[in-house]
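Here the structure is laid out as structure tokens; the discussion comes afterwards.
Bear in mind these aren't lab numbers, they're just calculated from the coordinates by the rules spelled out. Just so we're clear, the structure is a prediction, and the values are computed from it rather than from any experiment. Cβ coordinates were reconstructed from backbone atoms using ideal geometry, including for glycine residues, and neighbour counts include every protein chain displayed.
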Amino acid sequence: MMESWMRLKRIKTKDRKSLWVFLTIMFCFPIARSQNTSWSLTDSIRLSWENEPTISAGLDSRHSYLRGKSINIFGLRVGADFKKTAAFVGLYTTAFQSVSNDNYEYVYLSGIGEYRWFKNYRWFITQTLQLGVGNASLTLVKPDGTKDFQDLMIIPVETGVNTTYRIWKYVGLSAGVGARFSLTPGSYFSSSYYTFGVALYTDEISKTLSRLKRKKN
């Protein structure tokens, strides 16, 4: 017990903030969403797996702040969509230089679980939980000008909530917030993140193109 407490105390202040954001999103949002409802989350997930899955793929980039800089983490994910839930494998990477000329490169694979809390014609609210493993290559400049090269295995744990609003039949606006907590000390990878972008409703586009093709024939 004492060893666990000492390890917690050694977590950097910024990492502790990311951890608290992570825990808040992870636990508070599901609790608030399930108030005054009688359904079971585990039953909802289990029943969704009885649906016929469809293949889903897309970009999954997010913006974050690391070492005092605003950076973009490029992501690509592919997996199976069960309507109420989805499971993906994602590849993420970023590289940047800090204001002190230190260089940071990160690349990792992540297993992703997604749950759809709410959906109607206009609104779509989801939550993701990710566990990844990858590599961090750090080049740190010492006060005397020499460089310290480090290669670390990183284990990032992430969760986030994303909301999409349909502004037209085929197009919507998407935004989300989340937190990433690195289980590897000294990797400088724990941080909150945010996302925004344009969502395309490919199912509606496909239906419209099919109708137009039938009319043409």
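Brief remarks on what is shown
- Calculated from backbone phi, Karplus (6.51, -1.76, 1.60) coupling profile of the stretch 77-89 in Hz, x at Gly/Pro: 9, 9, x, 10, 9, 9, 6, 7, 10, 8, 10, 10, 10
- Sorted largest first, extent of the stretch 109-217 alpha carbons per principal axis (Å): 73, 31, 23
- Residue-normalised convex hull volume from the C-alpha trace of the stretch 56-126: 96 Å³ per residue.
- Hypothetical label at residue 198: residues of the stretch 132-168 whose amide nitrogen lies under 18 Å (7 Å Cα-Cβ projection): 164-168
- Selection from 138, 94, 127 lying farthest towards where the dipole of the stretch 84-181 points positive, charges on Cβ: 127
- In this structure, the pairs whose alpha-carbon distance is over 26 Å, taken from 119/215; 84/215; 83/207; 84/216, are 119/215; 84/215; 84/216.
- Note on residue 118 and residue 100: the extension gain reaches 2.1 nm, defined as 0.36 nm multiplied by sequence separation minus the Cα-Cα distance.
- Net charge of neighbours whose Cβ lies under 13 Å from the Cβ of residue 88, counting Lys and Arg as +1 and Asp and Glu as -1: -3
- Across the stretch 72-172, the volume of the C-alpha convex hull divided among the residues equals 114 Å³ per residue.
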